[in-house]
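The values are calculated or read from the model by the stated rules, or taken from the named source; none is laboratory data. Model, not experiment: these values are computed from the prediction. Neighbour counts run over all protein chains shown; Cβ positions are idealised from the backbone, glycine included. In case anyone asks, the SASA skips ligands and DNA or RNA and just uses the protein heavy atoms, side chains included. Shrake-Rupley method; radii C 1.70, N 1.55, O 1.52, S 1.80 Å.
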Amino acid sequence: MKLVFLGPPGAGKGTQAAGVCMRFKIPHISTGDMLRSAVAKGTPTGLKAKTYMDAGALVPDEVLVKMVGERISEPDCVNGFLLDGFPRTVAQAEALEEIGKPDAVVDVEVPDEKLLTRLTGRRVCESCKGTFHISTLTGTVCPDCGGELIQREDDKPATTQNRLNVYHAQTAPLIDFYKEKGTLRVVDGDKTPSEVFEAIRVALGG
Ligand code: AP5
């Protein structure tokens, strides 16, 4: 199964990915995680991407298409994959049609005002990479591994509204793109994480 998670920043794509990947036995490919790892290692891709990411803008299409093309050619993708955060532009979606046409595209929808609260309150464990929200945290360290919790640079209030604007201008047109292809499944992401998972499971017939 070749899956795409579409949806605005903070919709819960990353939160849902682990369960969906376990269910369908496919690898989770998050372009945001791949780029953050490249930034942390200081690779040429990371150096190029950092300025765009810190501003909440999209990294150029050619960087992403090459990165994803190489990743989905790896042996663990032979039975499919879950792309989380790609495609994000019509040009990326057209490229994906050539290199790994998706079987289903899940659009997780959440109203903008809730997204801002989710993004600015998100904390990520530096050690195990778990994602949490300040509203459910009782301590200052990761409840899973005790690692340090940090706020992503692009989750600071100065950047979050721009990320939402970029989503509406450049990524939301993909909803019609995939509607026309007949692969779009819309899921209400404004529910509890387990309700959202169940809705995705039903939408995918799994
Ligand atoms: P990326 O890392 O992909 O960020 P994003 O799409 O903005 O998505 P997020 O990780 O912010 O949100 P999410 O939907 O995964 O939400 P989460 O589950 O964490 O991209 C970062 C940057 O990289 C981009 O801005 C761009 O610069 C670059 N980039 C990446 N891909 C690119 C591409 N293809 N082209 C060009 N540039 C690219 O949840 C958010 C919060 O909500 C958490 O605190 C969580 O605990 C909470 N939460 C989750 N579910 C629920 C729920 N059901 N109820 C209540 N709270 C919930």
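Some notes on this structure:
- Remark: region 132-189 carries 58 Å² of accessible area per residue (probe radius 1.4 Å; ligands, DNA and RNA excluded).
- Tensor-based shape of region 136-206 (alpha-carbon gyration tensor, a/c under 1.5 rounded, otherwise prolate or oblate): oblate
- The residue list Cys77, Val20, Val4 was ranked by how far each Cα lies along the charge dipole of region 4-84 toward its positive end, using unit charges on Cβ atoms, and Val20 comes out on top.
- For region 171-205 and region 21-56, distance of Cα centres in Å: 23
- Shape annotation for region 90-141: C-alpha extents along the principal axes are 47, 29, 18 Å, from largest to smallest.
- Amide N of region 26-48 lying under 20 Å from the label point, which is placed 7 angstrom from the Cα of Ile150 along Cα→Cβ: 30-48
- Beta bridge orientation in the chain: antiparallel %, DSSP, nearest 5: 25
- Accessible surface of the chain [probe 1.4 Å, protein heavy atoms]: carbon and sulfur percent: 54
- Largest first, the extents of the alpha carbon coordinates of region 1-59 on the three principal axes equal 35, 22, 17 Å.
- Basic side chains Lys and Arg get +1 at the Cβ, acidic Asp and Glu get -1 at the Cβ, and with that the dipole of region 43-174 about its Cα centre reaches some 440 debye.
- Other residues within the sphere of radius under 13 Å centred on the Cβ of Thr160, judged by their own Cβ, net out at 0 (K and R +1, D and E -1).
- Reference-scaled alpha-carbon Rg (2.2 N^0.38 Å with N residues) for region 85-206: 1.21
- Here region 154-195 is described by how far its Cα atoms reach on the three principal axes: 37, 29, 11 Å, from widest to narrowest.
- Pairs from the list Lys25/Lys156; Lys156/Lys181; Lys41/Lys179; Lys41/Lys191; Lys25/Lys181; Lys25/Lys129 with a Cα-Cα gap above 32 Å: Lys25/Lys156; Lys156/Lys181; Lys41/Lys179; Lys41/Lys191.
- Global geometry of region 1-155, whether rounded, prolate or oblate, following the gyration tensor of its Cα atoms and the 1.5 cut on a/c: prolate
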